[in-house]
Amino acid sequence: MEKIRNNYPDIAPPGSTFSRGVRVGNLLFIAGCTARGTDAQGGSMSEQLRVTLDRIARIVQEEGGAPSDIVKITTYVTSIPAWREIREDQEAQFAECFQGEYPANTLVEITALAEDGLDLEIEAIAELG
């Protein structure tokens, strides 16, 4: 099966050694997205979440899908307590993005992300029927 690699430089520029997204048939694998390079980098976790979800949604839309086509995400945060502090806002942002069609989600606390000022990263898998 053909693999199509895309970097979406206008949405979420990737690093130099990976593809931002790889499409295999109807599956789209999106590498971890952050708020890197935006005003939200260094900002609150809520601000970073909004930018990150927007980037993921735009990548899926670029491939002809919708956020409701996202079936799995993994959310990496540098602080579970900080994530809990934004619970209401996080739930509201997820409701807005996914319109009730929530993906499976695994939450993982990590020590750090690739750049200073980043506290959240999300990777995603979408099924584009």
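The values are calculated or read from the model by the stated rules, or taken from the named source; none is laboratory data. This is a predicted model, so every value here is computed, not measured. As a convention, Cβ positions derive from the backbone with ideal geometry for all residues, glycine included, and neighbour counts pool all protein chains shown. The accessibility values were calculated without ligands, DNA or RNA, using every heavy atom of the protein model including side chains. Shrake-Rupley method; radii C 1.70, N 1.55, O 1.52, S 1.80 Å.
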Helix-derived mean residue ellipticity, 222 nm - over the chain, DSSP H n ≥ 4, -39500 (n - 2.57), to 500: -8500 deg cm²/dmol
Label-point separation, L27 to S79 (7 Å along Cα→Cβ), nm: 3.6 nm
Rounded if a/c under 1.5, otherwise prolate or oblate - the stretch 1-60, Cα gyration tensor axes: prolate
Between helix 45-62 and the chain: long-axis angle, C-alpha atoms, 0 to 90°, nearest 10: 10 degrees
Heavy-atom accessible surface of the chain: percent carbon and sulfur, 1.4 Å: 46 percent
Most to least packed among 48-59, 78-89 [average Cβ atoms within 10 Å]: 48-59, 78-89
Karplus 3J(HN,Hα) series, Hz, for the stretch 97-114 with 6.51 cos²θ - 1.76 cosθ + 1.60 (x for Gly, Pro): 5, 9, 6, x, 9, 6, x, 5, 9, 10, 9, 10, 8, 10, 6, 7, 10, 5
GNM flexibility winner over the chain from G64, G15, G117 (Cα, springs under 10 Å): G15
Listed candidates [x] -0.42; [y] -0.90; [z] -0.49 - label of the one calculated as log10 I(q)/I(0) by the Debye sum over Cα atoms at q = 0.12 Å⁻¹: [x]
For the stretch 83-107 and the stretch 53-82, distance of Cα centres in Å: 10 Å
Pairwise FRET efficiency - E123 versus S44, Cβ, R0 = 22 Å, nearest 0.05: 0.55
Whole-number accessible area per residue in Å² for the chain, which is evaluated in the context of all protein chains at 1.4 Å: 54 Å²
V71 long-range amide H proximity, modeled H, under 5 Å: I125, A126, E127
